[in-house]
Amino acid sequence: MSPSLICLGNPLLDLQVDTTLEYLAKYELKSNDAILVDASSNDPKMAIFDEVAKMPNVKFIAGGAAQNSARGAAYVLGKGQVGYFGSVGKDQFSDKLSEENESAGVVSLYQVQEKIGTGKCAALITGHDRSLVTDLGAANHFTPEHLDKHWDQVEAAKLFYIGGFHLTVSPAAIVKLGKHAKETGKPFVMNLSAPFIPQFFKDALKECLPYATIVIANESEAAAYAESFGLTCETTDLVAIAKEIIGTDANKTVIFTHGLEPTVVTTTAGSTTFEVHPLEKSKIVDTNGAGDAFAGGFMAGLTQDKPLETCIDMGQWLASLSIQEVGPSYPKEKFTYTKA
Ligand code: 26A
């Protein structure tokens with residue numbers, strides 16, 4: 001059996017820790033952000049990983065945004081239905097990621113680097129905020145040729161999910177999958193992932209967005225898109241931004257999540273909003289990975305050919321399950337989605 005849903009992203013191991021605003025200030029980090037550090041430049045932020053690894057309350061958890069979504073989709077779809085492409089090293093971190101994928105039912109389609117360590121992300125939690133600091137490591141060395149090794153699975157897949165973070169790694173790999181999706185009429189879903197993607201990877205985004213049939217982003221990524229692409233509308237006008245992304249593409253849907261505010265869904269036919277179901281604050285453990293879980297639940301619904309509004313509700317349902325766990329994880333217990 002071949003996976004129905006194929007995902008592509010950057011496999012990372014998360015070092016998650018509850019920390020303080022003082023610690024964030026030491027490295028001039030924002031409390032809710034995602035940034036990259038470059039291991040080859042003498043970036044002082046590289047020290048964060050060693051410091052966090054030694055903190056008494058640190059937890060090592062499977063991460064990587066699209067990989068979190070893949071595990072989420074598999075939580076709903078079951079074993080063998082979801083495949084995940086990305087690049088890892090040969091070390092304990094990748095062993096842990098493979099194990100987590102295996103137990104979640106995700107088929108790991110890893111490209112393995114002999115001499116580069118698996119990527120890592122320090123997930124610095126302060127209250128309900130998280131600051132993500134990433135050293136991509138091996139994840140940065142994914143090459144489109146690796147897709148060829150599993151092309152039979154690509155051809156057998158029904159649909160694709162691309163983490164926008166991968167735009168920093170291999171736009172060529174995204175285009176390769178995008179072309180296949182376009183030629184075969186399969187859904188091709190892209191997530192903008194973080195404000196720095198539209199900000200600093202504008203050309204890569206421009207190259208890949210035409211293949212997307214569905215674009216998922218949150219309100220701050222939407223605002224970053226509006227600014228980076230010089231849109232004349234307000235950066236808070238989600239419908240106007242979505243219309244700009246869509247242009248005249250009748251085959252494109254834009255989904256903007258907006259925290260507890262309604263989710264805004266736009267096509268060339270118009271715009272609709274969907275209420276979120278807020279979770280009691282006392283039940284929230286941490287919101288790291290909430291957006292990934294939303295995408296995972298959404299993709300599971302799409303894989304099951306559910307109507308768009310059900311897919312969105314499934315995304316919100318899975319996100320609410322995930323924020324009751326530590327990090328981008330899902331309950332051990334198997335809950336089943338029932339239509340709200
Ligand atoms: C390229 N960058 C910066 C990244 C990431 C990333 N996943 C892929 N590429 N930076 C953070 N993450 C992941 O986001 C999840 C939370 O949404 C973290 O590993 C974390 O699991």
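Would you mind computing, in nm to one decimal, how far apart the modelled labels at T272 and N57 are, each placed 7 Å from Cα along Cα→Cβ?
Result: 4.2 nm between the two label points.
For the residue pair K332 and E234, what label-to-label distance in nm results when each label sits 7 Å from Cα along the Cα-to-beta-carbon direction?
Each label point is offset 7 Å from its Cα along the Cβ direction, giving 4.8 nm.
Taking square-rooted eigenvalues a ≥ b ≥ c of the alpha carbon gyration tensor, is the range 90-231 rounded, prolate or oblate, where a/c under 1.5 means rounded and, failing that, a/b exceeding b/c means prolate? Please report the intermediate quantities before stating the final value.
Details: a/c = 1.71, a/b = 1.07, b/c = 1.60.
It comes out oblate by the Cα gyration axes.
Subtracting the Cα-Cα distance from 0.36 nm times the residue separation, let me have the gained length for S40 to V285 in nm, one decimal. All intermediate terms of the calculation are to be shown ahead of the outcome.
Numbers: separation 245, 0.36 × 245 = 88.20 nm, distance 3.48 nm.
The S40-V285 span can extend by a further 84.7 nm.
Determine the distance separating the Cα centre of the range 307-340 from the Cα centre of the range 153-168; give it in Å without decimals.
If we compute the Cα centre of each part, the gap is 21 Å.
Sum -39500 (n - 2.57) across every DSSP H segment of at least 4 residues in the chain, then divide by the residue count to get the 222 nm mean residue ellipticity, nearest 500. The partial results should precede the final answer.
On the way: 13 runs with 125 residues, N = 340.
For the chain, the value works out to -10500 deg cm²/dmol.
Give me the dipole magnitude in Debye, nearest 20, for the range 191-261 about the Cα centre, with unit charges on the beta carbon: positive for Lys and Arg, negative for Asp and Glu. Don't jump to the answer; show the numbers that get you there.
On the way: 4 positive and 10 negative charges, 42 e Å.
Around 200 debye, computed over the range 191-261.
Which order do E219, E234, E207 take by accessible area at a 1.4 Å probe, largest first?
Values: E219 70, E234 130, E207 95 Å².
If we order E219, E234, E207 from most to least accessible, we get E234, E207, E219.
Please identify, among K90, K202, K115, the residue showing maximal mean-square fluctuation in a Gaussian network model of the chain using a 10 angstrom Cα cutoff.
Result: K115 has the largest fluctuation of those listed.
Considering the convex hull of the alpha carbon atoms of the range 1-149, report its projected area averaged over all viewing directions, in nm², one decimal. Working shown, then result.
Values: hull surface 37.6 nm².
Taking a quarter of the hull surface, the average projection is 9.4 nm².
Put a dot 7 Å past each Cα toward the Cβ at E114 and S2; how far apart are the dots in nm?
My value for the distance between the label points is 3.0 nm.
Averaging sequence separations of C-alpha pairs under 8 Å and six or more residues apart, then dividing by the length of the chain, give the relative contact order as a whole percent. Mind showing how you got there, number by number?
Working: 753 pairs, mean separation 60.1, N = 340.
Computed value for the chain: 18 percent relative contact order.
What number, in nm² with one decimal, is the all-direction average of the projected area of the convex hull of the alpha-carbon atoms of the range 177-270? Walk me through the numbers on the way to the answer.
Details: hull surface 23.2 nm².
Here the figure is 5.8 nm², rounded to one decimal.
Compute, for K206, the solvent-accessible surface of its heavy atoms (probe 1.4 Å) with the complete set of protein chains present, and express it in square angstrom to the nearest 10.
Approximately 110 Å² for this residue.
Rg/Rh for the chain: what does it come to with C-alpha atoms and Rh from Kirkwood?
Details: Rg = 18.5 Å, Rh = 19.8 Å.
Here Rg/Rh amounts to 0.93.
Once you have the Kirkwood Rh of the range 187-231 from its Cα pairs, apply Stokes-Einstein at 4 °C and 1.567 mPa s and quote D in µm²/s.
Answer, rounded: 124 µm²/s.
Rounded to the nearest 10 Å², what accessible area does I216 have for a 1.4 Å probe in the complete protein model?
10 Å²
Given the Cα-Cα distance of D203 and N32 and 0.36 nm per residue of separation, how much length would full extension add, in nm? Before the final figure, lay out the partial values.
Numbers: separation 171, 0.36 × 171 = 61.56 nm, distance 2.49 nm.
Residue separation times 0.36 nm, minus the Cα-Cα distance, leaves 59.1 nm.
With equal scatterers on the alpha carbons only and no solvent term, can you work out the Debye log10 of I(q)/I(0) for the range 223-340 at 0.15, 0.17 1/Å?
At q = 0.15, 0.17 Å⁻¹ the computed log10 ratios are -0.73, -0.89.
Using a Gaussian network model of the chain whose springs link C-alpha atoms within less than 10 Å, name the residue from L136, L159, L260 with the highest mean-square fluctuation.
L260
Ignoring any ligand, DNA or RNA, what whole percent of the accessible area of the chain comes from carbon and sulfur when the probe is 1.4 angstrom? It would help to have the intermediate numbers written out before the result.
Numbers: 7380 of 14600 Å².
Percent of accessible area from carbon and sulfur atoms in the chain: 51.
The values are calculated or read from the model by the stated rules, or taken from the named source; none is laboratory data. Every value quoted in this text rests on a predicted model; they were computed, and no experiment measured them. Methodologically, a virtual Cβ is constructed for each residue, glycine included, from the backbone with ideal geometry; neighbour enumeration extends over all protein chains shown. Ligands, DNA and RNA are excluded from the accessible area calculation, which covers all protein heavy atoms including side chains. Shrake-Rupley method; radii C 1.70, N 1.55, O 1.52, S 1.80 Å.
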